Every structure is written in structure tokens, then in C-alpha cells.
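The values are calculated or read from the model by the stated rules, or taken from the named source; none is laboratory data. Since this is a predicted model, take the numbers as computed values, not measurements. Note that each Cβ is placed from the backbone with ideal geometry, even for glycine, and that neighbours are counted across all protein chains shown.
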Amino acid sequence: MSSRPSSSQTSVGSGALSHAYIQHPSLRCNVPESRGLFYDDANRLLICVTSSQVFSWETATFNPDVSPSVDSIPEGPILSIRCSLGKKVIAVQRSDCEIQFFHRETKQTLTHKCKAGSESILGFFWSDSPLCDLAVVKTSGMDLFACDSAMNLRLVETKKVNVNWYIYTHESRLVLLASGLQCKTITGFQLSTAGVVRLPKFEMTLATTESNSKPIISPGDVHLITVYGRIYCLQVDMEAMLLHTYRFYRDAVVQQGSLPIYSSKLSVSVVDNLLLVHQIDAKVVIIYDLFVDSRAPVSAPLPLLWRGYQGSDTSSQQENEGTESSTSSENIVMYEDAWTFLVPDLILDQTNKAISASSSDRSSLLEFLQRRKLEANKAKQLCLGIARTLILERRPATQVTQAIDVLVTAYSYSVKAGIYKELKNEKTTATTPTNDGASPDNERGRASGSSIDEEEEVEMNLPSGSADEQQESQLSSPAISPDELYKFVFASVEEAMVEESDYLVAIITEFLRSISAEKLKVDLNIYVMTVRLLAHSKRFAELSLFTTNKIIEPSKEVALQLLESGGQNLRVRKLGLDMLRQLSLHHEYISSLVQDGYYLEALRYAQKRKVTSVRSSLFLEAAFASNDMQHLAAILRVLSELIPGFKETSEYYTFHGLLNETSSSVAV
Amino acid sequence: MASMSSGDESLRLCVFDLRRGQTEGQELDKILFFHPPELDVSTQLSVTGLSEGLITFTRLFSPEAACEVIEAERHSHVFFEAETDIWMVMVVEKNKDTGAIWRIDALRGMLKEVHSLFVMFHGSVRALLEKEPTGGLTRAQLYPFITDYLSTFQKRSRSEDWCCDLFVGKKLQLPNFRETTLSERGTVQMLTLARDTALEVQSLVQVLDSCAGNLQCHSMILFQDLLVSTTLSPDDTTNLFTFAVMRLTSQALLSSDASSWSYLRKGTGSSETSSTSGSIDSQHHVIRPLQNDKWKKGKDGFLVTDVWGLETGGSPDSAIPIVWLQQRQERVYLLAYQYKSLTLLLLLPTTAVLNGGLSVSAVKHQVIEQASLRIMKIEEKISRGWGGENAYHVKGYRYLVVDTDLEVSRASPSGKVATLAKESLLALNKLREEVDLEKSRAKRQERDLEICIRAKNNAWVIARVSRDKELYMALEKASDTLLDATDAVGRFSNW
């Protein structure tokens, strides 16, 4: 399988909008007298060969400045080249009947030949299956070999199939062998670590037309992709202008529907579990999320662009065919004829923001973002941002509810699956994100998302804290905990929404319903906030129901908020008092009663519950202020019984004196 | 007195306006309502005259609160000043043998209730009088309204043994001590919900609220005869709740189906009042919101009635019930939707419908579209979690708890209260009467009393009253000590 990544010189309009970007700068391999470029997908190596030398670049951690490792091999034609999985051995297909092996350390060589004339070698690949280390695909079938450290090849098994061509990706460990006149009969084997599994034979769908009654499928028409851990096969049906998708199960291959094609040439990439279909003639890329049943694209088609490309300086990678450039249009940038898209590894990343700007259904967008692994933190920040925006834009409550349901369900799922890990507290104290349009250029050093020359960058208008960012960027899941939703969504919009508290309460209720359904807990400050909002809009009936039905979970904080909000409404204050009493917060309860002027009731309660922590002067002063000497006398007596040694205090003395004074003056 | 031949002699109820009929010979103009209507004019005048005299006299000593009750040997006169200078007076016969033992506050509660309901549907009596100074309209509306209200109690006796003769059945039976001792008129009974159900309900409330677009509308949800949710103020809630339980809930509809005869007024038309009101009926557009058997469940789940007219006449919205919300001081359309035991009331401001281009049918459509599925689910969920009519029964106790601030009460189920011995109930009734008296005397702050009394039959009757809550209880376990009784109080009241 020959693979030649390439790029071209272009100038890019800076204002152009796109979902998918090619990373700039790209990796350059300026090797004089290059005879070809190969991509070893198992080792993620970009290999450039000259007549006697092999240059290989690591692409797993993308770095444009990495220097290649160089190996010398004997001269000869090179049809394909792949390193063994330990990178100890370089294997080179010299002809249709010969493969040579070179040990990089011992310089040992070995030549493997097939029966000339009766069969020919179509290609080979290395495997990490326990059964074999190397698979050689021939027209007569597939040979599986074990290879020891001394480079002895031992034939383990032969799968007899007539093969016209084959495709393999290391990512899926799946090899598809095409046979038949139209090459539409497919036999598949998966050489996984669990062993070699034969997939049921299946026929690909091909439409026929009068002009072409027997179309033939070529290897370039078939793509193997892996998204969300599922393996799909995509097959171009040019006559029908459809891209058929097949999903592989352990014991079945099921056609999953078709995507329309708008171009006579087409290729696909996978970025972060998203399928990018490059409509090469139309020079646009359409993004699909195969997770959802809908075959609707995630976003509107937009061109592929360079990211960070500075200007007019010329081309990048040397590439024999593709040196001519097209600068026809500012936006239309890419897709030279010479481009080859490497299915699993040619990684483009979408800008989430562009999608979020072009996708109208927010909840499916959030679902989509919640499935993103590559940029978990950014997806998370985006989700928070979207949720906030939904509320601030006062979208219909049902829409917001759906969106929040999505986030809560995703969180619940990831907690159950053990993906979500609560970060330390310092993280949550990071600034509440604001839309200040911070620079998108942070975070270059991402671990994943590398590619050969096409790289991704996410553009976000979301801010990023400094040190925390690093930590957050290592999040494995974009899931958002209820506490975070409270902090970064509800609490942060409260001020802006205070005049529309009804709306916000509606959304919070739905949020509470959602987390209650998932049996989750949330920061009790959300209840305090709900009390505040309901009181603000004077919805006392509901406040009462919320409290009695425990939608607002009782706590000291909530009770105190009820008391505070009850300044306007006695019934609300009463709810707060009742809550204090039910929580057995005697001290607060008694103090609040006295504050409301119910000092006798407070004292009775104190007497009954033997509460002595409340300052005795509170009762005395209240009674004295109400000028009721009978009460004052009664309180003095009760306090003397309640508090040991009360009669010796100066307080007792003072009020007792006051009492005597008044009563004597009354008597006079 | 010879004309008092009908079975209603045990009850007289009148409404009169002290500002009317000041000159001699015009006294009849004072009377806005009198029951029984067939009573001759002179007797009517003597009842109102006596009442007015008492009011004027007691006002000399207590200008703020004139007389509340007059206890005569055979009758009790209960006074209630519904609006300034508009008085309602109820005269009931006392008879220990027939069980005609009353608690005055309970009777006054009925007067308050019927007045509140009247205001909810027609606005205040004073406003009606100002609108139409002859009083014809007021009388025309009051007459059927109060009669329909009283027929509720008539109904009760009828449905118990409903094959009896109509005339016997027509006899009014005001709720006596058996019914009033462990219940509190003018309060709402709530359904206790689990948190997750409460959240579902609240979510439904929000959907209902949004059915009228951006308009602020109100809603109330009942499950059987219990309140599930409301967005109205306590006063409005209580009124609407009372009305719903009387006429709208699944049980109210069921009982009207069971006795599917239409109520016919048996008035002879001989007395002047009834003949005037009869002739006025044709002049004024009289609406009888409390008329029985007038609500039916439509195919779409909404309850329909022709009380407000027929949909065919005039604008399509003219036949929709309208009520007056006190707190918001606005008139609202009342839409009632029912699914099994769940009754939902939706209140739409009339101004928005008339001026804002909101159509009631569009709102109905929204409710069906957006909420009907949730309603179904919630009904199912509540039904599953509900313990039946004895859900709030506490074994060994017969109790009533009232939260006077929130206008909410909860009591032992009536079936369980009925198992109490008559002596216990009478003792508790007596105790309540005393407490009522004490309550009206004491300042709010000082309301704090706890009374445990051992009745003759060894039952404990208990009252505990605080600033905002009241508890009444009867324990019939003879072995219980006072300590047990106070323990029980502690268990029922943690305040």
C-alpha cells in the first residue's frame, strides 16, 4: 500500500471559515534523490527512501523539527516498506514475488520469495497477534508467519482466498481481501491480540448503470475507519454517488446506510472519532458523527484550511507530483491530485467552535462534544460555554433542558464507567470562564492529535487559566459534574438573569430533576440560589412547595437564606424557621425567634430543649423593650432555672433591679 | 310563623347591607339574600332587624369587632361581616337529640367560604351593588349562588340514602360536630410527595406555564381531593381548591354522575324575594358557577360546562369560566383538564386573551401536545406512591393539624374519625369551642396553650395551639395516662 502524504503551496485567506484545519508548520522531509514516501501506520513512521537509504520520522508525537533516523539498505526497487512492530526489522517488498528483511542492529538480511508464476505478492504487514508476526497477502491468499528475534520466518497458517487486492489498517487490525470480477466479494480477517478471527464473507453494494454495467471496486474506493472503538468500512459507489458504510461486528457485517457523495474523488479522515469526508472536487470537507443514527452531517460543508500558515512562502514537503500549486481561490486551498489520504492517521481536527456556530441543535451538539476525547478539556469548556450561552440567550426552556439532560447523563455515564475523575479543588477555584476572546494559541503541546503534515488546532473563544490549564488539559473526559454545572453555568449567569429568574428557576428545576433521576448530588448552594430567585420573583407559593417537598434540600444555609428572603414575606421567613427547627439547629432557631419578637416562644423552646447557648440578655432585652414587666419577671425566673448560676450574674442583677424599680413605681 | 312549613326551618341565612334601606318602609331593600326564600317578608325583616339591632348595639362597645355570635335557648345566631357593612347572619336550631350540635367557628367558616367563592366568581358584593344600585343584579346572582352552595350539603344527605323521598332529601344538613370537629374549613389538604415526584410535578407546572407562550399564567394541580401543586397565593389557592373539590375533581364528577338527576329548585315562588329574583333572572345574565352536575369531561380531557353559556353564542371564548384572583387583582380564564385522578387548573389572564391575541383553544392544544404525556406519567407515579384514602391515618390517633399561616391542614381520614365514640367527639368539639374563644382573645404572640382533658368515657381530648399551628387530637385508649397523652402531642407537634 503506497502512501504519499503531500501538501502544496497555497495562500490562505485569513478570514476563511473552516471546520478542519491542517496544522502548520508541517513536517518537511527534504531528502535529496528521494525515490518515494511511505507511511508505516503500525509504527506511525513517515519513511522516505533513496536508492540505498531509509529515512524515517516519528510522527506519533508530532514535531516538525524532528530529525529522521537513517538506515542503509542494499540498493534495489522498493514497492513498499514497513518496520516490524519493535522497529528492529525493516521489511521491503522488492517485487511481486520477493520481500527482503533487514535487521537494523545485526544487519542480518533475509529474503522471502513466493512461488513465481502461480502467485504474486500483493503486500504485507506486521501483526501483534499471538499467532503470527507477519502477514503476507498474495493473489492466492494470505500467509501468516511467526518471526523470532533471529529473523527466522515460520509459516503458521495459510488462508486460501483468491485475492485481487487488499486493504489493512493497523488501527483496526483488520485486513479485507477483495475477490470476484467486480472485486466486491470481501473476506475479512482480524488479526487481533485475541487471535485471528475470520469475518463472514460479504458483498459490497454496487449500483450499475447502462454505461457501466460491471463497475469494479478499486482499493482506493474502500476505507477502513475506527470510531468510538467500532470498525466501519466505507465504500465508494461512484455510480450511485453514495458512500456506503458497513459496520463490523464479531460475527456479522451490517450495512449501516449511505452518505451522499458530491465529488468524483473522495477521501476520508478520522479525527477524534469523527468522520471527515473530503469531497475532493468540491474542495470541501463534510463532518459526520457516526455515533448518532442520523446520517446528517454534523456541520455544513466547509473547506479544509491551513492553520497558522504565514503567507506566501513555498511548499513544504517534497513530493514529486504535487509541486505545482493551485492558488486559484483564497478559500479553496487543498486537494492536489497527488494527495493521498491515509485513513487512520491523517489527522485533521475540527474546530469545535466553528461547528458550534454552524450547528443549530444544541443538545445534539453537546452530545457530540461529550463524546470528544481528544480535547476533553476544550470540549468541556465549550459545553459549559454553550450551556451558559443557551441560558443567556433565553432559549426555550425545553431546549435548555435537553441540553442539560445530555450533560448530566454523560456525566453519570462517565462516572459509572470510571472515566471521570474528580480533580482537586484548586481546579474548580480557577476563574469562572468568561467570554473574553482569549487567544486560541495556547496548548500546542498536546499529546495526541499528531499527523504527518496535516495537523489540527482548536480555536476557541474560551479563556484558559494558566497553570490549571495544563492540568485540565489532561482530563480524560469532557464530562461535567453537577457541581461544575452549578458553578460555571448557573452561578455565573445568576446576576445576568436575575430579572428573568422565573426562566432560570425553570431550568434549575429541570436540572435538579435530571440529577435526581441519575441519583446524583449537587452543591447545596444551588438551593440557596433557588430560594433567592424564587423570592426575588415573589413566587412564594412555589417556594413553599419547593421547601416542603424537599425539592430544595434542607440545610442551614438554605434556612438562613429563607430567613433573609423572608424579609419581604412572613410565610417565607416561617419556612426558614421551620427548617431550622427540623434540622435541630436550636441556637439559630431560638435566635431567629427572638429576632422576630417571639421571645416567649423562644424561651419556651430553649427551656424544653435545654438550650443555654443563646445569650440570656437577648430574651431580657426583648422583654424589656416591649415594656412588659410580667414577661420580664417570667423570663428572669425561667433563666434562673435554666442556666446554673444565673442569679449570680450581673445581668440578673441589672434586670432584677429594673424590675423592682418599675414595679415599685407602679405600686406608687 | 305558620308559613314555615318547609323542612328548612332549622336554618336561616341572610345577607344584608346596612347602608341600604335606611328610611322607614324601605327596610326590605337591605336584604340581599334570604334563605329559606319562601319565608314571609315580615319574618325576614324581623331576623335582619334583630341582627342589625345587635350589631349597632355591640358596636357601641367594640367598634372594631361587633358581635360574633348570639346564643339563644334554641338557636344560635352567627354573625359575619363579609365586607364593610355587608353582613351575613346564620341562624341555626340547636337540638342535642338530633345531633344538631354546632361549633360556631365552623359555621362562620361556611359563611366565609361561600362569600370568598362568591367574590372569586362575581367580584365583591359592594362592587356589584355599585355597578347596579337597585340591587337587582346582586340579588339575582346571590340567590342561586348561595342556594347552590347549600345544596352541596343537601346533596350529602341525599347520596347517603338516595332512594329516599325528594322532599326529605331536600332537607339541609349543615355539617355538625361529627364533621367539623376534626376538620378545618378554609384550609387546603396537601398531598405529600416524594422528592423525585415533586420534581416531576414542578417540571410539569413549568410546561403548563409555558403553554400560554410568554404570558404569565398560573396553575394548580390536584390529585383526587388533595392539592399537589399551586402557583397561587394561599387565599386564591384555598378558594379555587374549595371550588375544585366541590365541583371539578374526579370524585366530584363521579358523585354527580352517580346521582344523575338535575337539581330543581323547589321554591314555590310565593314569597316576594324569590319572585323578584325569578323575574330578574331574565333581565340579568345570571351565572351559577356552583350549580351541580354542570361539568363534564370532554373528549380532549378538558372539563366543559355550559354554566357560562354555550360556545355557539358570541365569541368562542365567552363560554369559558372566569374567576377573579385576589392577589393579582385580575380576571382569569379557568381551564380544567382531567386525567384519571389528576385535575389540572390553568388560569389565563383574560386581558391577554382579549387584547393579546392569545386564543384559548391554542392554549388547550398546547397543553394536550406538550403536557398530556407528562400528566399521564405523573398520574401513574402519584397513584403508585399513594397510600389510598387512609394514607394519612395514624393508628390509634384521631387528629387534626392546622397551619394557620399557610392555610393548610391535615386530619385523620373521615372514615376513621367516624369510628370515634360520640362522647369523645363531643368533648373535643367542646374543647375546640373553648380554644376558639381563647384564640380570639389572646394576642397572637401569646398564643400558646396545651390542654389535655380526660372525657367521661376515659378518652383523652387534646388541643395544642401555638402562634401559627394548631393540633387537636382524640385518644381512646383507656389505659393511656396523661404522660402518654402529652407524649402523643410531642410526636405530632415538634414546635
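The residues in the stretch B:151-195 that are over 21 Å from B:Val114 (Cα atoms), surrounded by fewer than 17 Cβ atoms within 10 Å (Cβ to Cβ) and modelled with pLDDT under 85 can be counted, and the count is 10. It is to be established whether one or more residues within the stretch A:549-569 are surrounded by 18 or more Cβ atoms within 10 Å (Cβ to Cβ), within 28 Å of B:Asp236 (Cα to Cα), at the interface with chain B (Cβ under 10 Å from one of its Cβ atoms) and without any contact (Cβ under 8 Å) to a residue 24 or more places away in the chain. There is at least one residue in the stretch A:549-569 that is surrounded by 18 or more Cβ atoms within 10 Å (Cβ to Cβ), within 28 Å of B:Asp236 (Cα to Cα), at the interface with chain B (Cβ under 10 Å from one of its Cβ atoms) and without any contact (Cβ under 8 Å) to a residue 24 or more places away in the chain.
Run down A:Ser591, A:Ser516, A:Ser501 and say which single residue is under 25 Å from B:Met190 (Cα atoms), touching a helix residue (DSSP H, G or I) at 6+ places or on another chain (Cβ under 9 Å) and part of a helix (DSSP H, G or I). Even if it seems obvious, please write down each step before you answer.
Numbers: A:Ser591 fails: under 25 Å from B:Met190 (Cα atoms); A:Ser501 fails: under 25 Å from B:Met190 (Cα atoms).
Of the residues listed, the single one that is under 25 Å from B:Met190 (Cα atoms), touching a helix residue (DSSP H, G or I) at 6+ places or on another chain (Cβ under 9 Å) and part of a helix (DSSP H, G or I) is A:Ser516.
Among the candidates A:Ala496, A:Ala491, A:Ala535, the residue that is buried (at least 18 other Cβ atoms within 10 Å of the Cβ), away from chain B (no Cβ under 14 Å), of a type in the set (Gly, Ala, Ser) and in a helix (DSSP H, G or I) is uniquely A:Ala535. Of all residues in the stretch B:471-489, those satisfying the criterion of being under 31 Å from the mean Cα position of the chain (by Cα) and either within 14 Å of chain A (Cβ to nearest Cβ) or part of a helix (DSSP H, G or I) (or both) are B:Ala488, B:Val489.
Of the residues in the stretch A:74-123, how many are part of a strand (DSSP E or B) and either among the β-branched types (Val, Ile, Thr) or closer than 29 Å to A:Asn162 by Cβ (or both)? Give the steps one after another, and end with the answer.
Here is the first cut: in the stretch A:74-123, the residues part of a strand (DSSP E or B) are A:80-83, A:89-95, A:98-103, A:109-113, A:121-123.
Restricting the remaining residues to those that are either among the β-branched types (Val, Ile, Thr) or closer than 29 Å to A:Asn162 by Cβ (or both) gives A:80-82, A:89-95, A:98-101, A:109-113, A:121-123.
Going through the stretch A:74-123 one residue at a time, the tally reaches 22.
Can B:Lys430 be described as free of Cβ contacts under 8 Å to residues at least 12 places away in the same chain and either within 14 Å of chain A (Cβ to nearest Cβ) or not hydroxyl-bearing (Ser, Thr, Tyr) (or both)? If you could, list the steps in order and put the result at the bottom.
Numbers: free of Cβ contacts under 8 Å to residues at least 12 places away in the same chain: yes; either within 14 Å of chain A (Cβ to nearest Cβ) or not hydroxyl-bearing (Ser, Thr, Tyr) (or both): yes.
Judged against the criteria, B:Lys430 is a match.
Can we say A:Glu588 is among the acidic types (Asp, Glu) and exposed (fewer than 15 other Cβ atoms within 10 Å of the Cβ)?
Working: among the acidic types (Asp, Glu): yes; exposed (fewer than 15 other Cβ atoms within 10 Å of the Cβ): no.
Considered against the rule, which asks whether it is among the acidic types (Asp, Glu) and exposed (fewer than 15 other Cβ atoms within 10 Å of the Cβ), A:Glu588 comes out as no.
Filtered by the rule that a residue be farther than 24 Å from B:Arg108 by Cα and hydroxyl-bearing (Ser, Thr, Tyr), the stretch B:8-37 gives a lone residue, B:Thr23. The set of residues in the stretch A:391-434 that are in a helix (DSSP H, G or I), crowded, with 17+ Cβ neighbours inside 10 Å and at pLDDT below 80 contains only A:Ala397. Scanning the stretch A:594-617 for residues that are surrounded by 18 or more Cβ atoms within 10 Å (Cβ to Cβ) and assigned to a helix (DSSP H, G or I) yields A:Val594, A:Tyr599, A:Leu600, A:Glu601, A:Ala602, A:Leu603, A:Tyr605, A:Ala606, A:Ser616. Any residue in the stretch B:379-392 that is within 14 Å of chain A (Cβ to nearest Cβ) and surrounded by fewer than 19 Cβ atoms within 10 Å (Cβ to Cβ)? So far as the stretch B:379-392 goes, yes, one or more of its residues are within 14 Å of chain A (Cβ to nearest Cβ) and surrounded by fewer than 19 Cβ atoms within 10 Å (Cβ to Cβ). Taking first residues from the stretch B:136-152 that are within 14 Å of B:Ile287 (Cβ to Cβ) and touching a residue at least 12 places away in the same chain (Cβ under 8 Å) and partners that are in a helix (DSSP H, G or I) and basic (Lys, Arg), the Cβ contacts under 9 Å between residues at least 6 apart in sequence or on separate chains come to B:Leu137/B:Lys131; B:Thr138/B:Lys131.
Only a single item in (1) among the small types (Gly, Ala, Ser); (2) surrounded by 13 or more Cβ atoms within 10 Å (Cβ to Cβ); (3) closer than 27 Å to A:Ala194 by Cβ is not met by A:Ser95, and it is number (3).
If I go through the stretch B:173-199 residue by residue, how many of them are of a type in the set (Ser, Thr, Tyr), in a helix (DSSP H, G or I) and away from chain A (no Cβ under 14 Å)? Break it down into steps so the answer makes sense when it comes.
Here is the first cut: in the stretch B:173-199, the residues of a type in the set (Ser, Thr, Tyr) are B:180-181, B:183, B:187, B:192, B:197.
If we keep only those that are in a helix (DSSP H, G or I) as well, we get B:180, B:197.
Now drop any that are not away from chain A (no Cβ under 14 Å), which leaves B:180.
Residues flagged as of a type in the set (Ser, Thr, Tyr), in a helix (DSSP H, G or I) and away from chain A (no Cβ under 14 Å) within the stretch B:173-199 amount to 1.
Selection of the stretch B:203-243 for residues being more than 10 Å from chain A (Cβ to nearest Cβ), under 27 Å from B:Leu254 (Cβ atoms) and acidic (Asp, Glu) yields only B:Asp225. Number of residues in the stretch A:593-640 that are polar (S, T, N, Q) and either within 13 Å of chain B (Cβ to nearest Cβ) or without any contact (Cβ under 8 Å) to a residue 12 or more places away in the chain (or both) equals 5.
Residue by residue, here is whether (1) modelled with pLDDT under 90; (2) of a type in the set (Val, Ile, Thr) holds:
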position	(1), (2)
A:Val528	no, yes
A:Arg532	no, no
A:Thr547	no, yes
A:Ile551	no, yes
A:Ser555	no, no
A:Leu560	no, no
A:Leu563	no, no
A:Arg571	yes, no
A:Gly576	no, no
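On the stretch given as the stretch A:136-147, residues that are in a strand (DSSP E or B), in contact with an Asp or Glu (Cβ under 7 Å, 6 or more places away or on another chain) and either outside the structural domain of A:Thr158 (by TED's automatic domain parsing) or under 18 Å from A:Leu79 (Cβ atoms) (or both) total 2.
Remark: B:Glu450 falls outside the filter, which requires a residue to be under 21 Å from the mean Cα position of the chain (by Cα) and assigned to a strand (DSSP E or B). Of all residues in the stretch A:512-524, those that are touching a residue at least 12 places away in the same chain (Cβ under 8 Å) and at the interface with chain B (Cβ under 9 Å from one of its Cβ atoms) have Cβ atoms under 7 Å from Cβ atoms of residues that are among the β-branched types (Val, Ile, Thr) and in a loop (DSSP other than H, G, I, E, B), 6 or more apart or on another chain, in A:Leu512/A:Ile551.
Just to check your reading of the model, which residue among B:Thr58, B:Thr48 is within 19 Å of B:Thr147 (Cβ to Cβ) and not acidic (Asp, Glu)?
Working: B:Thr58 fails: within 19 Å of B:Thr147 (Cβ to Cβ).
Matching residue, one of B:Thr58, B:Thr48: B:Thr48.
If you check A:Ser129, A:Ser67, which single one turns out to be part of a loop (DSSP other than H, G, I, E, B) and crowded, with 18+ Cβ neighbours inside 10 Å?
Values: A:Ser67 fails: crowded, with 18+ Cβ neighbours inside 10 Å.
One residue alone meets the criteria, A:Ser129.
Could you please let me know if A:Ser544 is of a type in the set (Gly, Ala, Ser), at the interface with another protein chain (Cβ under 10 Å from one of its Cβ atoms), farther than 20 Å from A:Leu563 by Cβ and in a helix (DSSP H, G or I)?
Numbers: of a type in the set (Gly, Ala, Ser): yes; at the interface with another protein chain (Cβ under 10 Å from one of its Cβ atoms): yes; farther than 20 Å from A:Leu563 by Cβ: no; in a helix (DSSP H, G or I): yes.
In short, no.
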